[in-house]
Amino acid sequence: MSTTPTTEKEATSSQAVPAYSARAYAAASPTSPLAQATIRRREPRPQDVQIQILYCGICHSDLHTARNEWKSVMPTEYPCVPGHEIVGRVVKTGSAVKKFKEGDLAAVGCLVDSCRSCPQCREGLEQFCDLGAIFTYNAPDKFLGGVTLGGYSDSIVVDEAFVLRVSDKQNLAGVAPLLCAGITTYSPLRHWKVGKGQKVGVVGLGGLGHMGIKLASAFGAHVVLFTTSANKTADAMRLGASEVVLSKNEAEMQKHASSFDFILDTVSAEHDLNAYLNLLKRDGTMTLLGAPENPTLVSAFSLIFRRRQLAGSLIGGIKETQEMLDFCADHEITADIELIPIQKINEAYERLLKSDVKYRFVIDMASLK
Ligand code: NAP
Ligand code: ZN
Ligand code: ZN
């Protein structure tokens, strides 16, 4: 292994892993806007795939992380390069790679590694790895030191076991958000067996919410959107909802009391969970996907009277992510996106905070020069 840095190849002083330079957008602190930066990526090992990133979606988790809003659970290390909805083209493969060759389309979601041998990993639930899943950004990088750096970049290197296959028949920019918003909604809908004959609520119409509507309606459920934004009603119906409820209108909420089999809560900010728990029928389940900065109060009465359940779900494992991508390809499902150049990223973050996105921002990486 070479330890002599050259203009093209560098080496870490700590571990002497060969590396190259890539362009990226990074946050230097919780309060600084994202700005262009040069980062290091490891040269592909035998089992690695090097991907030229074409598109990367902007998830609200990117914003939570860039601004260190999850400091009590997962403090952010800076510089931070967010981005875990990655679609691109394979430019190099290691000698042992079997699934990919140069020129193939490929995708990377929220996970880039895990222990692969604990019970969770063996069940294909790498996101719950007992030794700690290695997320695409802000997780320990055992090769280069520091933390993993995400997809707001022109290049990434990932073990092929964590790289997904993508159909060449779909709009690639619209596929990118499936890698987080898609799998994060697909997985709980499958786990709780949502389908025909069920009344399903989706709370919040953003990136996750709009995929939740598309997927729950594709599975045959009767979907009701709860929104704080009256101007999203027509879009919700177009996306597959059968009804829209303005959650600030108590009379409208009351009409749905104790009637839902399942509710997916995708809200990114503090809000009253009890108002939604009260809409579940006996034995109904509400699953939290949204991860607001601060905890929320749950009244025992919201749960005990009808034996209701409050649950949570975290993204999905690699096998299920591939299953979801294949399902979306078969059913011609992609995200509804606003394509932006990377220079507009800080503006996009401000719009996310105002619930003003239709319905996922995706970065056109050709803009990163
Ligand atoms: P997003 O696009 O910003 O959508 C969030 C939506 O929540 C908004 O569009 C808005 O919908 C609603 N909302 C926002 N502020 C609200 C408030 N104060 N009160 C009520 N509703 C509000 O975000 P996203 O990318 O879909 O992510 C949503 C959340 O899920 C984030 O917290 C993110 O970190 C988390 N997440 C979790 C996982 C997981 O594995 N569990 C994976 C990805 C993301 P309306 O305008 O319709 O009200
Ligand atoms: Zn995400
Ligand atoms: Zn594991």
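Taken together, the values in this text are just the output of simple stated rules run on the coordinates, not laboratory data. Note that the structure is a prediction, hence the values are computed from the model and not measured. Positions of Cβ are backbone-derived with ideal geometry, glycine not excepted, and every protein chain shown enters the neighbour counts.
Starting from the Cα gyration tensor of the range 17-152, multiply each eigenvalue by 5, take the square root, and state the resulting semi-axes largest first in whole Å. Walk me through the intermediate numbers first.
Values: eigenvalues 110, 78, 37 Å².
Each semi-axis is the square root of five times an eigenvalue, giving 24, 20, 14 Å.
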Pseudo-spin-label distance LYS142 to GLN52, built 7 Å along Cα→Cβ, given in nm, is 3.1
Scalar couplings 3J(HN,Hα) for the range 315-332 by Karplus 6.51 cos²θ - 1.76 cosθ + 1.60 (θ = phi - 60°), nearest whole Hz, x for Gly and Pro, are 5, x, x, 5, 4, 6, 5, 5, 4, 5, 4, 5, 4, 5, 5, 5, 9, 6
Dipole in debye (nearest 20) - the chain, about Cα centre, beta carbon charges: Lys, Arg +1; Asp, Glu -1: 460
What share of all Cα pairs of the range 302-366, in percent, falls into each consecutive 5 Å distance bin? 4, 13, 13, 12, 15, 18, 13, 7, 3, 2, 0
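Rounded if a/c is under 1.5, else prolate if a/b beats b/c, else oblate: with a ≥ b ≥ c from the C-alpha gyration tensor eigenvalues square-rooted, which is the range 203-270?
rounded
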For VAL245, the residues 5 or more places away or on another chain with a placed amide H closer than 5 Å to its own amide H are LEU225, PHE226, THR227
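Rounded to the nearest 5, what % of DSSP beta bridges with both residues in the chain are antiparallel? Don't skip to the end; give the middle numbers.
On the way: 37 of 64 bridges.
In the chain, approximately 60 percent of DSSP beta bridges are antiparallel ones.
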Full extension between SER29 and ARG165 adds, at 0.36 nm per residue less the Cα distance, a length in nm of 45.5 nm
Output ³J(HN,Hα) for the range 84-100: one whole-Hz value per residue in order, computed from phi by the Karplus curve 6.51 cos²θ - 1.76 cosθ + 1.60 with θ = phi - 60°, and x for Gly and Pro. 9, 10, 10, 10, x, 10, 6, 10, 7, 10, x, 5, 9, 6, 10, 7, 10
Say the dipole of the chain comes from +1 at the beta carbon of Lys and Arg and -1 at that of Asp and Glu; which of VAL157, LEU239, HIS64 then lies farthest toward its positive end? LEU239
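Restricting to DSSP loop positions (anything but H, G, I, E, B) with no more than 15 other Cβ atoms inside 10 Å of their own Cβ, which chymotrypsin sites (Phe, Trp or Tyr not before Pro) remain in the range 272-312?
PHE305
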Leading residue at positive end of dipole, the chain (Cβ point charges), from ILE315, ALA16, GLN120: GLN120
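What trypsin sites (Lys or Arg not before Pro) does the range 218-265 have in DSSP loop regions with at most 14 other beta carbons within 10 Å? Each step should come with its number before you reach the end.
On the way: sites: LYS232, ARG238, LYS248, LYS255; in loops: LYS248, LYS255.
Here the trypsin sites (Lys or Arg not before Pro) that fit, given the DSSP loop and packing criteria, are LYS248, LYS255.
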Assign unit charges at the C-beta atoms only (+1 for Lys and Arg, -1 for Asp and Glu), then state the dipole size of the range 6-164 relative to its Cα centre in Debye, rounded to the nearest 20. 220
Measure out, as a whole number of angstrom, how far apart the alpha-carbon centroids of the range 321-338 and the range 152-188 sit. 9
In nm, to one decimal, how far is the SER117 label point from the GLU250 one, both placed 7 Å along Cα→Cβ? 5.8
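Which of the GluC sites (Glu not before Pro) found in the range 64-118 are in a DSSP loop and have at most 16 neighbouring Cβ atoms, other than their own, within 10 Å?
Numbers: sites: GLU69, GLU77, GLU85, GLU102; in loops: GLU69, GLU77, GLU85, GLU102.
Sparse-neighbourhood loop GluC sites (Glu not before Pro): GLU77, GLU102.
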Near GLY132, within a Cβ-to-Cβ distance under 14 Å, what is the net charge of the other residues, with Lys and Arg +1 and Asp and Glu -1? -2
Under the rule of -39500 (n - 2.57) per DSSP H run of 4 or more residues, summed and divided by the residues of the chain, what mean residue ellipticity at 222 nm is obtained, to the nearest 500 deg cm²/dmol? -5500 deg cm²/dmol
Quick one: helix 181-191 against the long Cα principal axis of the chain, what's the angle to the nearest 10°, folded into 0 to 90? 60
Note: SER21 to ALA257 extended length (0.36 nm per residue) minus current alpha-carbon separation gives 79.4 nm
